[in-house]
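Here's the structure we're looking at; comments come further down.
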Amino acid sequence: MIIKILKKDFLRKKVITIAVFIFITLSALLMASGSNMLIDLGNSLDYLIETSNAPHFVQYHTGEFEQVAIDDWSSNNTLVKQQQTSEMINIEGSKVYLTNSGESEADTVMEMGFVKQNEHFDYLLNLNNEKIQVENGEIAVPIFYMLKNGLKIGDQIFIKDKKQTLSFIVTDFVRDVQMNASIVSSKRFVVSDNDFIKIKEGFGEIEYIIGFQLYDLNEIPSFSNAYSNSGLPQKGIAIDLGLLSTLNGITDGLVAAVIILISLLLNLIALLCLRFTILATIEEDYKEIGVMKAIGISPKAIKRIYLSKYVFMALIATFVGFLASIFLNKIFSRHIILYIGIAPKGVIEKSLPLLVACSIFIIVVGFCAIILKRFNRISAIEAIRMGNTGETYRSTKALALYKRRIINPNVFLGLRDVVLRFRLYALLFVVFIVCTFIIIVPLNFFNTIQSPDFVRYMGMGRSDIYLRLSNQN
């Protein structure tokens, strides 16, 4: 019986049924994919921090300093688990050649640092999240430049000026817990210990990375204040583990949030369309509903008949959306997989996207159940006598056709129907508003970040010359 009702209802309202089905499917798909992105991001970021043995506090410093003073202060500080100071050689982009075209990176504002693998923590990892090991003449390149310059394993990179030229073969690509994110304006290249000495003697300037690991992560703010008041080297920025996590996760986190927002808006459209459909169905079947109540069928049973249609449609749409999300998850999470890697997931993490998709089904069914409570207010006698609902259609003498003066009869009847059934048509108006919002906001956001003027708000004004002055003793 229910199958016959569903088939009859579909044939009667093909377009609206297909539209609602698509909206629910897309909503479930995006909700499941967005939640899966957040899960992948959280797991992968924790895995990257653990595998790289990330520092908990880092102070960058340019200029001379006494390592002994740092060692003494660290040994006397009960919060410090271990301390490590590493060197990074910053080289001007005009001296670095990442392509075979003969063009240098002179136009970049990205700081290019060359380092060797760290000994105790803050490890630089490859695409398998393993510690990078390079031999003499080899180099590991940040993922940012792999994408930007289309670099591949086996490509050559040159560092040269008027005096000498150093060449390297690309053997790996770097995942860097500190400088991984594309929004970070510095990147670290990994070379061997011998090549590091050659670069140090002939190119660039040294910047020191003074890193600390603590026993208790909750004490990071206290440690940061203690270091700032210690008088130790501070000619550079200071970052902590919280900021590292934010920088690594902000891009993909925002994308996942936008996907979930669009999913909720699509679900809102589906609910509005369902409300329109339900009210229109009640309007059309008003007499039949009155007859069913008159012969003794309870409002609860009538409600169950109509609700079954929307339960079946929402269930199938949610299931299709979730299945589609399984195949599209790699596409949505490919940026996370490339920059951060992928961590193994447990049963809870794997089942959470399904539960989130089911929430769309629950919202849709709950909304339909609320709308169908109108059956409790329908009078059998009034339904049979009048044949229409008092809410969806009210006749009024003020809009009688014979009283029209100037307006064309067809136009008048159309406007009259809109006025008398305003609540139904208001739903369509809201749907158009939400659809416009979904289209315009991402488009404006894309145009904003693509605008040349946008960079001014990110700390780098439009200019013909970029000049960097270092404050050294």
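The values are calculated or read from the model by the stated rules, or taken from the named source; none is laboratory data. In this text, all values refer to a predicted model and were calculated from it rather than measured experimentally. Glycine gets a Cβ as well: all are built from the backbone with ideal geometry, and neighbour counts include every protein chain shown. The protein model used for the area step is the full one, side chains on, heavy atoms only, and it has no ligands, DNA or RNA in it. Shrake-Rupley method; radii C 1.70, N 1.55, O 1.52, S 1.80 Å.
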Problem set entry | One residue from Ser75, Ser27, Ser94 being part of a helix (DSSP H, G or I), surrounded by 20 or more Cβ atoms within 10 Å (Cβ to Cβ) and polar (S, T, N, Q) | Ser27
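Looking at Glu50, Glu111, Glu64, which one is closer than 21 Å to Lys198 by Cβ and either of a type in the set (D, E, K, R) or open to solvent by less than 30 Å² (accessible area, probe 1.4 Å) (or both)? Walk me through it before giving the result.
Details: Glu50 fails: closer than 21 Å to Lys198 by Cβ; Glu64 fails: closer than 21 Å to Lys198 by Cβ.
On inspection, the qualifying residue turns out to be Glu111.
Any chance segment 179-188 includes a residue that's under 21 Å from Ser86 (Cα atoms), in a strand (DSSP E or B), touching a Pro at 6+ places or on another chain (Cβ under 7 Å) and in contact (Cβ under 8 Å) with a residue 40 or more places away in the chain?
Taking segment 179-188 as the starting set, the residues that turn out to be under 21 Å from Ser86 (Cα atoms) are 179-181, 184-188.
Among the residues that remain, those that are also in a strand (DSSP E or B) are: 186-188.
Still in the list and also touching a Pro at 6+ places or on another chain (Cβ under 7 Å): 187-188.
Still in the running and in contact (Cβ under 8 Å) with a residue 40 or more places away in the chain: 187-188.
Looking for residues that are under 21 Å from Ser86 (Cα atoms), in a strand (DSSP E or B), touching a Pro at 6+ places or on another chain (Cβ under 7 Å) and in contact (Cβ under 8 Å) with a residue 40 or more places away in the chain, one finds at least one in segment 179-188, hence yes.
Looking at this structure, is Ile237 within 23 Å of the chain's Cα centre (by Cα) and surrounded by fewer than 18 Cβ atoms within 10 Å (Cβ to Cβ)? Talk me through it step by step, then tell me what you get.
Numbers: within 23 Å of the chain's Cα centre (by Cα): no; surrounded by fewer than 18 Cβ atoms within 10 Å (Cβ to Cβ): yes.
The answer is no for Ile237.
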For this session: Inspect all residues belonging to segment 199-216 and state whether any of them is surrounded by 13 or more Cβ atoms within 10 Å (Cβ to Cβ), hydrophobic (A, V, I, L, M, F, W, C) and farther than 23 Å from Asp71 by Cβ.
Result: yes
Exercise. If you go through segment 348-368, how many residues are at pLDDT below 85 and out of contact with any helix residue (DSSP H, G or I) (no Cβ under 6 Å at 6 or more places or on another chain)?
Worked result: 2
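One line per residue, one yes/no per condition, for (1) within 17 Å of Leu38 (Cβ to Cβ); (2) buried (at least 18 other Cβ atoms within 10 Å of the Cβ):
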residue	(1), (2)
Thr246	yes, no
Gly249	yes, yes
Val258	yes, no
Ile269	no, yes
Leu272	no, yes
Ile278	no, yes
Exercise. Does segment 159-169 include one or more residues that are more than 17 Å from Ser192 (Cβ to Cβ) and crowded, with 18+ Cβ neighbours inside 10 Å?
Worked result: no
Exercise. Before we move on, is Leu315 more than 30 Å from Ser182 (Cα to Cα) and open to solvent by 60 Å² or more (accessible area, probe 1.4 Å)?
Worked result: yes
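For residues that are part of a loop (DSSP other than H, G, I, E, B) and either open to solvent by 100 Å² or more (accessible area, probe 1.4 Å) or more than 19 Å from Gln178 (Cβ to Cβ) (or both), tally how many sit in segment 131-152.
Step one: list which residues in segment 131-152 are part of a loop (DSSP other than H, G, I, E, B), which gives 132-137, 150-152.
Going one step further and asking which of them are either open to solvent by 100 Å² or more (accessible area, probe 1.4 Å) or more than 19 Å from Gln178 (Cβ to Cβ) (or both), we end up with 133, 135-137, 150-152.
So the count comes out to 7.
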Exercise. Of all residues in segment 198-214, which are part of a helix (DSSP H, G or I) and either among the acidic types (Asp, Glu) or more than 30 Å from Tyr227 (Cα to Cα) (or both)?
Worked result: Lys198, Ile199, Glu201, Gly202
Exercise. Which residue pairs have Cβ atoms closer than 6 Å, lie 6 or more positions apart in sequence or on different chains, and pair a first residue in segment 310-339 that is more than 30 Å from Leu147 (Cβ to Cβ) with a second residue that is part of a helix (DSSP H, G or I) and of a type in the set (Gly, Ala, Ser)?
Worked result: Thr318/Ala28; Thr318/Ala357; Gly321/Ala28; Phe322/Ala28; Phe322/Ala32; Phe322/Ala357
